[in-house]
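One structure below.
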Amino acid sequence: MARIGIGQLCSSSNLVHNLEIVKHLIEKALENDVKVLFFPEATDYLSRNADHSKRLAKQTPNFVSELQSSIRSITKKVGKTIDVSIGVHLPPSNLDISKGDSRVKNVLLYINSNGEIVQKYQKLHLFDVDVPNGPILKESKSVQPGSAIPSILETPAGKLGSCICYDIRFPELSMKLRSEGAEILCFPSAFTMKTGEAHWELLGKARALDTQSFVVMPAQQGEHDVYADGSDDSAPGVKRVSWGHSMIIDPWGTVIAAADPSSNEPQLITADLDLESQAKIRRDMPLWKQRRRDIFGDFI
């Protein structure tokens, strides 16, 4: 058994305040013997528009640096170890800017208990949608798409395949990660209310069953204060409300841990992952041996 946790929160546009919540949840997770703690997409901040996001992203490197230092100091103080997966924005590189691309990068960082960044995964699929009776969102206005499938990480809880939010709707990524050895898939997210109510849990269960993997779904929850940074900006902003409902799903499609949907306060959700049970499921129903690669090819 390996204990993991989700730190659910409602990030604002104030990175300093958001970091304090993150540190509190890390301390709480350590008290509960969590080995890997997963935070949502955009834990560093939620912005009110694309220009605001570009400005806030300049503060993220300092957010990340302070988080790395905090992980080292907290683990040293309590005498336990914990790894952290966290979604943040990173500013464009000088090369990006020289090419005329000032958009930020939506990335998932995996930071080990020594405070070292082991992996940076950049979101492949961007949320460009017009939801009927819902929001019109075009993430590509402010975010650069990634171009690489992440490698599988050996973690204290098992072999991890990293994804971000909208990636969950594209099963080929999850299938590829399973083929590369993933036992756990994570989908840190800030789902809209409309799509969350309709599809959040269903998509998580589908990916768990597709890949016979544990699916970890850390989510933003509640209405985000996108004016908390105090910046003077007369440009219109979009009201940001996230569905929440963080959950952990086992390879049989059962929700084994879930957040309290009635609370917008920061929450810690934990579960013990039974990798032996997962191995039995994969042996008893050997999907990967039964795939018709002679028909469909080796795309996974």
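The values are calculated or read from the model by the stated rules, or taken from the named source; none is laboratory data. Just so it is clear, the structure is predicted and the values come from calculations on it, not from any experiment. We place every Cβ from the backbone using ideal geometry, glycine too, and count neighbours over all the protein chains shown. Surface areas here come from the heavy atoms of the whole protein model, side chains and all, with no ligands, DNA or RNA. Shrake-Rupley method; radii C 1.70, N 1.55, O 1.52, S 1.80 Å.
When LYS120 is tested against (1) open to solvent by 30 Å² or more (accessible area, probe 1.4 Å); (2) assigned to a helix (DSSP H, G or I), just one condition goes unmet, and that condition is (2). Filtering GLU223, GLU183 for residues that are among the charged types (D, E, K, R), more than 21 Å from HIS125 (Cα to Cα), surrounded by 23 or more Cβ atoms within 10 Å (Cβ to Cβ) and out of contact with any Leu (no Cβ under 6 Å at 6 or more places or on another chain) leaves a single hit, GLU183. Here ASN264 clears all of (1) modelled with pLDDT of 95 or more; (2) within 18 Å of GLY5 (Cα to Cα); (3) open to solvent by 50 Å² or more (accessible area, probe 1.4 Å); (4) not aliphatic (A, V, I, L, M) except the condition numbered (1).
Quick check on my filter: what residues within the range 186-200 are farther than 27 Å from ARG283 by Cβ and either within 15 Å of the chain's Cα centre (by Cα) or open to solvent by less than 50 Å² (accessible area, probe 1.4 Å) (or both)? Selection gives PRO188, SER189, ALA190, PHE191, THR192, THR195, GLY196, TRP200. A count restricted to the range 162-176 and to residues that are open to solvent by less than 40 Å² (accessible area, probe 1.4 Å) and of a type in the set (Lys, Arg) stands at 0. With respect to the conditions (1) at negative phi; (2) touching a residue at least 40 places away in the same chain (Cβ under 8 Å), ASN133 falls short on a single one, namely (1).
Show me the helices (runs of 4 or more DSSP H) found entirely inside the range 1-86 where at least 1 residues are open to solvent by 10 Å² or more (accessible area, probe 1.4 Å), of a type in the set (Asp, Glu) and at pLDDT 95 or above. Working first, answer last.
Numbers: elements: 15-31, 50-56, 60-78.
Ranges flagged: 15-31, 60-78.
One residue stands out among those in the range 280-300 that are without any contact (Cβ under 8 Å) to a residue 12 or more places away in the chain and within 16 Å of GLY181 (Cα to Cα): the one that is least open to solvent (accessible area, probe 1.4 Å), which is PRO286. Selection over the range 255-300 of residues that are under 30 Å from SER13 (Cα atoms), hydrophobic (A, V, I, L, M, F, W, C) and part of a loop (DSSP other than H, G, I, E, B) gives a count of 1.
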